[in-house]
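Read the structure below first, then the notes.
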Amino acid sequence: MTQDELKALVGLAALQYVTPGEIVGVGTGSTVNKFIEALASMKDQIAGAVSSSEASTARLNALGIPVFEANAVGELSVYIDGADEIDAGGHMVKGGGAALTREKIVAAQSRRFVCIADESKLVTALGAFPLPVEVIPMATSRLVRQFAAMGGHASVRLKDGVPLVTDNGQHILDVTGLRITDPLAFESEVNQWPGVVTVGVFAHQKASVCLLGTSDGVKTLTF
(Lines give C-alpha, C1' and ligand atoms only; values in the text may rest on other atoms or scores of the structure.)
Protein backbone atom coordinates (compact mmCIF):
# COMPACT_ATOMS: atom_id res chain seq x y z
CA MET A 1 0.00 0.00 0.00
CA THR A 2 1.06 3.59 -0.57
CA GLN A 3 1.73 5.93 2.33
CA ASP A 4 -1.51 7.74 1.50
CA GLU A 5 -3.45 4.46 1.68
CA LEU A 6 -1.85 3.63 5.05
CA LYS A 7 -2.93 7.04 6.37
CA ALA A 8 -6.49 6.40 5.23
CA LEU A 9 -6.40 2.98 6.90
CA VAL A 10 -5.43 4.33 10.34
CA GLY A 11 -7.77 7.31 9.97
CA LEU A 12 -10.66 4.91 9.56
CA ALA A 13 -9.44 2.66 12.38
CA ALA A 14 -9.42 5.61 14.79
CA LEU A 15 -13.21 5.87 14.61
CA GLN A 16 -13.45 2.99 17.10
CA TYR A 17 -11.97 5.29 19.77
CA VAL A 18 -14.60 8.01 19.25
CA THR A 19 -17.35 7.89 21.88
CA PRO A 20 -20.82 8.61 20.48
CA GLY A 21 -22.44 11.69 21.99
CA GLU A 22 -19.15 13.25 23.08
CA ILE A 23 -16.79 15.93 21.76
CA VAL A 24 -13.62 14.57 20.16
CA GLY A 25 -10.22 16.25 20.13
CA VAL A 26 -8.88 16.51 16.58
CA GLY A 27 -5.27 17.14 15.61
CA THR A 28 -3.60 18.48 12.48
CA GLY A 29 -1.82 17.09 9.44
CA SER A 30 -2.16 14.84 6.43
CA THR A 31 -2.98 11.70 8.44
CA VAL A 32 -5.53 13.57 10.55
CA ASN A 33 -7.13 14.85 7.36
CA LYS A 34 -7.94 11.22 6.55
CA PHE A 35 -9.44 10.82 10.02
CA ILE A 36 -11.57 13.94 9.55
CA GLU A 37 -12.89 12.51 6.29
CA ALA A 38 -13.76 9.27 8.09
CA LEU A 39 -15.30 11.18 11.03
CA ALA A 40 -17.81 12.75 8.65
CA SER A 41 -19.46 9.33 8.37
CA MET A 42 -20.51 9.54 12.03
CA LYS A 43 -20.93 13.29 12.44
CA ASP A 44 -24.55 12.85 13.53
CA GLN A 45 -23.39 10.58 16.38
CA ILE A 46 -20.98 13.03 18.03
CA ALA A 47 -21.49 16.40 19.73
CA GLY A 48 -18.64 17.97 17.78
CA ALA A 49 -14.89 18.54 17.99
CA VAL A 50 -12.17 20.66 19.55
CA SER A 51 -9.57 21.40 16.88
CA SER A 52 -5.85 22.02 17.23
CA SER A 53 -5.50 24.31 14.20
CA GLU A 54 -7.31 26.71 11.94
CA ALA A 55 -6.71 24.32 9.03
CA SER A 56 -8.42 21.41 10.80
CA THR A 57 -11.24 23.68 11.96
CA ALA A 58 -11.89 24.67 8.34
CA ARG A 59 -12.00 21.01 7.27
CA LEU A 60 -14.34 20.04 10.09
CA ASN A 61 -16.67 22.96 9.40
CA ALA A 62 -16.75 22.13 5.68
CA LEU A 63 -17.99 18.65 6.54
CA GLY A 64 -20.67 19.96 8.90
CA ILE A 65 -18.95 18.94 12.14
CA PRO A 66 -19.39 21.58 14.90
CA VAL A 67 -16.13 22.92 16.35
CA PHE A 68 -15.97 24.16 19.95
CA GLU A 69 -13.37 26.42 21.58
CA ALA A 70 -11.20 24.53 24.07
CA ASN A 71 -12.21 26.93 26.84
CA ALA A 72 -15.90 26.25 26.22
CA VAL A 73 -15.73 22.54 27.08
CA GLY A 74 -14.33 20.39 29.85
CA GLU A 75 -12.17 17.30 29.70
CA LEU A 76 -12.26 15.37 26.42
CA SER A 77 -12.34 11.58 26.36
CA VAL A 78 -9.97 11.26 23.42
CA TYR A 79 -7.57 13.26 21.27
CA ILE A 80 -6.67 11.83 17.87
CA ASP A 81 -3.59 13.16 16.09
CA GLY A 82 -0.61 12.09 14.02
CA ALA A 83 3.10 12.24 14.75
CA ASP A 84 6.31 12.99 12.89
CA GLU A 85 8.07 10.38 15.02
CA ILE A 86 6.96 7.99 17.75
CA ASP A 87 9.14 5.68 19.84
CA ALA A 88 8.43 2.39 21.62
CA GLY A 89 7.33 4.26 24.75
CA GLY A 90 4.70 6.39 23.02
CA HIS A 91 6.82 9.55 23.14
CA MET A 92 6.51 11.64 19.99
CA VAL A 93 7.99 14.47 17.98
CA LYS A 94 5.24 16.68 16.55
CA GLY A 95 4.98 20.05 14.87
CA GLY A 96 5.80 19.42 11.23
CA GLY A 97 2.53 21.20 10.47
CA ALA A 98 3.41 24.09 12.85
CA ALA A 99 0.43 23.41 15.15
CA LEU A 100 2.37 21.89 18.07
CA THR A 101 1.27 24.36 20.75
CA ARG A 102 -2.44 23.93 20.17
CA GLU A 103 -1.92 20.19 19.69
CA LYS A 104 -0.28 19.96 23.11
CA ILE A 105 -3.06 22.02 24.69
CA VAL A 106 -5.81 19.75 23.35
CA ALA A 107 -3.77 16.64 24.22
CA ALA A 108 -3.48 17.88 27.82
CA GLN A 109 -7.24 18.42 27.90
CA SER A 110 -7.89 14.80 26.88
CA ARG A 111 -7.87 11.62 28.94
CA ARG A 112 -6.46 9.55 26.10
CA PHE A 113 -4.14 10.35 23.18
CA VAL A 114 -4.60 8.06 20.16
CA CYS A 115 -1.74 8.53 17.70
CA ILE A 116 -2.41 7.59 14.07
CA ALA A 117 0.66 7.10 11.88
CA ASP A 118 2.19 4.99 9.16
CA GLU A 119 5.01 2.60 10.01
CA SER A 120 7.72 4.99 8.75
CA LYS A 121 7.09 7.15 11.83
CA LEU A 122 8.12 4.46 14.35
CA VAL A 123 11.71 5.06 15.51
CA THR A 124 14.10 3.66 18.11
CA ALA A 125 15.06 7.16 19.31
CA LEU A 126 13.57 10.58 18.60
CA GLY A 127 15.54 13.24 16.76
CA ALA A 128 16.05 12.20 13.13
CA PHE A 129 13.05 14.33 12.15
CA PRO A 130 13.90 18.03 12.64
CA LEU A 131 12.52 18.98 16.06
CA PRO A 132 9.99 21.84 15.83
CA VAL A 133 10.06 24.44 18.61
CA GLU A 134 7.59 27.32 18.68
CA VAL A 135 9.38 30.43 19.91
CA ILE A 136 8.82 34.11 20.61
CA PRO A 137 10.77 35.85 17.81
CA MET A 138 12.87 38.13 20.05
CA ALA A 139 14.44 35.05 21.67
CA THR A 140 15.42 33.34 18.40
CA SER A 141 19.17 34.04 18.33
CA ARG A 142 19.71 33.07 21.95
CA LEU A 143 17.71 29.85 21.52
CA VAL A 144 19.74 28.95 18.44
CA ARG A 145 22.86 29.25 20.61
CA GLN A 146 21.32 27.14 23.40
CA PHE A 147 20.51 24.33 20.99
CA ALA A 148 24.03 24.59 19.54
CA ALA A 149 25.43 24.08 23.05
CA MET A 150 23.67 20.70 23.21
CA GLY A 151 24.84 19.68 19.73
CA GLY A 152 21.84 20.77 17.70
CA HIS A 153 21.53 23.06 14.70
CA ALA A 154 18.45 25.29 14.83
CA SER A 155 17.08 27.30 11.93
CA VAL A 156 13.98 29.44 11.53
CA ARG A 157 11.29 27.76 9.42
CA LEU A 158 10.52 29.80 6.34
CA LYS A 159 7.47 30.09 4.13
CA ASP A 160 7.76 31.94 0.84
CA GLY A 161 11.17 33.22 1.91
CA VAL A 162 10.09 34.77 5.21
CA PRO A 163 9.66 33.27 8.71
CA LEU A 164 6.52 31.17 8.96
CA VAL A 165 4.00 32.63 11.40
CA THR A 166 2.02 30.13 13.47
CA ASP A 167 -1.68 30.34 14.34
CA ASN A 168 -0.43 31.92 17.60
CA GLY A 169 1.61 34.63 15.85
CA GLN A 170 5.00 33.11 16.69
CA HIS A 171 7.89 31.51 14.77
CA ILE A 172 9.17 27.94 14.51
CA LEU A 173 12.75 26.73 14.97
CA ASP A 174 13.56 23.36 13.39
CA VAL A 175 16.42 21.63 15.19
CA THR A 176 18.57 18.90 13.63
CA GLY A 177 21.48 16.89 15.00
CA LEU A 178 19.80 15.75 18.22
CA ARG A 179 19.28 12.22 19.53
CA ILE A 180 16.63 12.42 22.26
CA THR A 181 17.11 9.38 24.48
CA ASP A 182 15.28 10.77 27.53
CA PRO A 183 12.25 12.55 26.04
CA LEU A 184 10.65 13.43 29.37
CA ALA A 185 13.76 15.13 30.74
CA PHE A 186 14.47 16.83 27.41
CA GLU A 187 10.94 18.26 27.17
CA SER A 188 11.06 19.47 30.77
CA GLU A 189 14.40 21.21 30.25
CA VAL A 190 13.66 22.98 26.96
CA ASN A 191 10.21 24.09 28.13
CA GLN A 192 11.96 26.14 30.83
CA TRP A 193 14.05 28.16 28.39
CA PRO A 194 12.80 31.76 28.22
CA GLY A 195 11.27 32.41 24.83
CA VAL A 196 10.21 28.82 24.18
CA VAL A 197 6.45 28.63 23.75
CA THR A 198 6.33 24.87 23.13
CA VAL A 199 8.90 22.21 22.28
CA GLY A 200 7.69 19.54 19.87
CA VAL A 201 8.57 16.60 22.12
CA PHE A 202 5.36 15.06 23.45
CA ALA A 203 6.50 13.07 26.48
CA HIS A 204 4.36 14.60 29.23
CA GLN A 205 1.42 14.29 26.78
CA LYS A 206 2.55 11.02 25.19
CA ALA A 207 0.34 8.62 23.26
CA SER A 208 -1.80 6.08 25.10
CA VAL A 209 -2.33 4.10 21.90
CA CYS A 210 -0.74 4.18 18.46
CA LEU A 211 -2.59 2.87 15.42
CA LEU A 212 0.27 2.10 13.06
CA GLY A 213 -0.45 1.56 9.38
CA THR A 214 1.63 -1.31 8.02
CA SER A 215 1.63 -3.42 4.86
CA ASP A 216 -0.08 -6.11 6.96
CA GLY A 217 -2.84 -3.76 8.14
CA VAL A 218 -3.28 -1.68 11.29
CA LYS A 219 -1.04 -2.61 14.19
CA THR A 220 -2.16 -1.39 17.63
CA LEU A 221 0.56 -0.35 20.09
CA THR A 222 -0.41 0.45 23.67
CA PHE A 223 1.75 2.36 26.15
Checklist outcome for this item: Residue-normalised 222 nm signal for the chain, counting each DSSP H run of n ≥ 4 as -39,500 (n - 2.57), nearest 500 deg cm²/dmol, is -7500 deg cm²/dmol
Checklist entry - Lysine pairs in the chain with alpha-carbon atoms under 25 Å apart, 8 or more places apart or on different chains: how many are there? => result 28
Checklist outcome for this item: accessible surface per residue for the chain, probe 1.4 Å, DNA/RNA/ligands not counted, whole Å² -> 44 Å²
Checklist entry - Which whole-number percent is the relative contact order of the chain (Cα, under 8 Å, 6+ apart)? => result 23 percent
Item to check | Packing-based order for 28-39, 46-57, using average beta carbon neighbours within 10 Å, highest first | outcome: 28-39, 46-57
Checklist outcome for this item: Nearest 10, in degrees from 0 to 90: the angle of helix 30-39 to the longest Cα principal axis of the chain is 20 degrees
Checklist outcome for this item: Binned at 5 Å starting from 0, the alpha-carbon pair-distance distribution of segment 96-185 in whole percents comes out as 3, 12, 18, 23, 22, 15, 7, 1
Next on the checklist: Taking R0 as 41 Å, what FRET efficiency do you get between Asp160 and Thr124 from their Cβ-Cβ distance, rounded to the nearest 0.05?
Outcome noted: 0.70
Item to check | Accessible surface of segment 81-209, 1.4 Å probe, proportion on carbon and sulfur as whole % | outcome: 55 percent
Checklist outcome for this item: Rounded to the nearest 10 degrees, the helix 3-13 long axis (Cα) sits at an angle to the longest Cα principal axis of the chain of 60 degrees
Item to check | Spin-label zone in segment 1-17 - amide nitrogen under 13 Å from a point set 7 Å from the Cα of Glu37 along the C-beta vector | outcome: 2-13
Next on the checklist: How large a share of the accessible area of segment 1-57, in percent, is made up of carbon and sulfur atoms when the probe is 1.4 Å and the other protein chains stay in place?
Outcome noted: 49 percent
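The values are calculated or read from the model by the stated rules, or taken from the named source; none is laboratory data. Because the structure is predicted, anything quoted here is derived from the model rather than measured. Quick reminder, even Gly has a Cβ in these numbers, built from the backbone with ideal geometry, and neighbours come from all protein chains shown. Just so you know, the surface numbers come from the protein's heavy atoms only, side chains and all, with ligands and any DNA or RNA stripped out. Shrake-Rupley method; radii C 1.70, N 1.55, O 1.52, S 1.80 Å.
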